[in-house]
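For reference, the structure is listed below as structure tokens.
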Amino acid sequence: MMEKLSRVARSLAPSPIQELSHLAQRCNAINLAEGFPDFPAPQQIKEAALSAITSDLNQYRHVQGICDCLALLMKEKHGLDVNPLTDIVVCCGQSEAFAAAIFATIDPGDEVLLFDPAYETYEACVRMAGGTPVYFALGPPNWSLDIEKLKKSFTARTKAVILNSPHNPTGKVFTEDELKAIAGVCCSMDCLAITDEVYEYITFDMKKHVTLASLPEMQDRTIITSSLSKTFSVTGWRIGWAIAPSSIASAMRNIHVKITDSAPAPFQEAAVTALRSQPAYFESLRTDYEIKKDKMVKMLVEAGFQIKFKPQGSFFVFTELPENCPLSDVDFVTKLIKKAGIAAVPGRGFFHTESAPSLSGEPLSGITQNYQERYVRFAFCKSDSTLKAAALKLSELGDSNWYLKFI
């Protein structure tokens, strides 16, 4: 029946991540692969959801309170004036908000610029809309942005640029100079920006998240997408949103209604409680994740991984394989699941360019291999007991060259 499938459906292949996740489940491996917490969500928002359900708020519903809260937060945090009635679209998670943003703005033949490495669903959405993804490689080890090369990457066909900061998988927080450069090219080339800001409250080492929309002349050409998922440990609730100029928000709202109609009603109600959390909650969240990040980095360094860039945000560590490890990322992760009982994500699913620039001029690794095969992503959004168990499993593998036993 393959001939009955659409061109788009035939072009979308399962990723190695999906296959390795199934293997991890069969091996009962500790899950440091998928980016969801394994600890409870805040009690007050769970109670708010239960209250909404028992109050029979279980039908199709748009909860204006989310939009009111978001408009207030955007003003307080970024100085942006957002009309809660016209500029905000509540969706089924950031994933749907991002897809709606693409479908509302991208026509066949439009080019969309993405920074490489990139979260894999971005390209799929662009291709489903008929657009052409164009990748711009960030430069390791710090995943820096070559501003002069960036300017030359925009063409007359570039319709939008996608920015994810804090960044998955690297943990990079784009600098002020980098954001200004991106904004400058968007303005000069009359391009849109579509941002993924789901890790906006999870930054480290005094780094601060700055939304691209807050830069001069950018609010009218930026679509912000984010969600409740990461900030409040409710990835299964599927409450996300987009903040955009009213004409684009209206188009996205129409797309959202025709695809899913409405986000889960009880969780929309609970989102109001979550978004009204006191500043102390967000600071505690950041502090807790910084501690987990430090534990993960220590664990991986002691196991021989090469961490040349410590995450500045998000809840992932993107590390190079040990220098003298001859395995590819997929082979390594497969062995790590089977022999160590730990699941991670091979880096190749995030890479789309043949090579990346090294601004330091140093080689990426002592091993001659494809660039995409040298990285592995570990998630540290896990309980202390999970991180401790993973560290114990790695230590039980033996000496500093334990990974050579995987060959």
Candidates Glu176, Glu120, Glu76: whichever shows maximal mean-square fluctuation once the chain is modelled as a Gaussian network with Cα springs under 10 Å: Glu76
Interchain or long-range residues, amide H under 5 Å from Cys91's placed H: Gly240, Trp241, Ala242
Rounded to the nearest 20 debye, dipole of the chain from Cβ charges on Lys, Arg, Asp, Glu: 700 debye
Cα-centre dipole for the stretch 46-116 with unit charges at Cβ (Lys and Arg positive, Asp and Glu negative), debye to 20: 360 debye
Charge dipole (the chain, unit charges on Cβ, about Cα centre) - positive-most of Leu397, Phe136, Cys69: Leu397
Whole-number accessible area per residue in Å² for the stretch 153-218, which is evaluated in the context of all protein chains at 1.4 Å: 36 Å²
Projected label distance in nm at Leu85 and Thr260, using a 7 Å step from Cα toward the beta-carbon: 2.6 nm
Cβ-defined net charge surrounding Ser11, 11 Å radius [Lys, Arg +1; Asp, Glu -1]: +2
Interchain or long-range residues, amide H under 5 Å from Ser314's placed H: Ile202
Accessible area of the chain belonging to carbon and sulfur atoms, whole % at 1.4 Å probe: 53 percent
Long-range HN-HN contacts of Ile223 with modeled amide H, under 5 Å: Ala193, Ile194, Thr195
Local net charge near Gly130, Cβ-Cβ under 9 Å (Lys/Arg +1, Asp/Glu -1): -1
Two-site FRET efficiency, Glu19 against Asp190, from Cβ-Cβ distance with R₀ of 60 Å, rounded to 0.05: 0.90
Debye log10 I(q)/I(0) for the stretch 16-120, one point scatterer per Cα, at q = 0.14, 0.22 Å⁻¹: -1.02, -1.23
Alpha carbon centroid spacing (whole Å) that separates the stretch 225-277 from the stretch 13-39: 26 Å
Two-site FRET efficiency, Ser153 against Lys46, from Cβ-Cβ distance with R₀ of 51 Å, rounded to 0.05: 0.70
Positive dipole terminus of the stretch 7-98, leading residue within Ser11, Phe98, Ile88 (C-beta point charges): Ser11
Entries of Lys298/Lys339; Lys295/Lys393; Lys149/Lys230; Lys172/Lys338; Lys208/Lys295 with Cα pairs more than 24 Å apart: Lys149/Lys230; Lys172/Lys338
Violating pairs (Cα-Cα greater than 29 angstrom) within the set Lys46/Lys292; Lys207/Lys335; Lys207/Lys388: Lys207/Lys335
Listed residue (Ala244, Ala265, Cys325) projecting farthest to the positive dipole end of the stretch 236-340, Cβ model: Ala265
Total charge dipole magnitude, the stretch 236-365, about the Cα centre, Cβ charges on Lys, Arg, Asp, Glu only, Debye to nearest 20: 320 debye
Of the DSSP H helices in the chain, those whose Cα atoms cover at least 27 Å axially and whose Kyte score averages -1.0 or more: 279-302
Total formal charge among the other residues, if their Cβ is under 13 angstrom from that of Trp241, Lys/Arg +1 and Asp/Glu -1: -4
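The values are calculated or read from the model by the stated rules, or taken from the named source; none is laboratory data. Here the structure is a predicted model, which means the values were calculated and not measured. We place every Cβ from the backbone using ideal geometry, glycine too, and count neighbours over all the protein chains shown. Just so you know, the surface numbers come from the protein's heavy atoms only, side chains and all, with ligands and any DNA or RNA stripped out. Shrake-Rupley method; radii C 1.70, N 1.55, O 1.52, S 1.80 Å.
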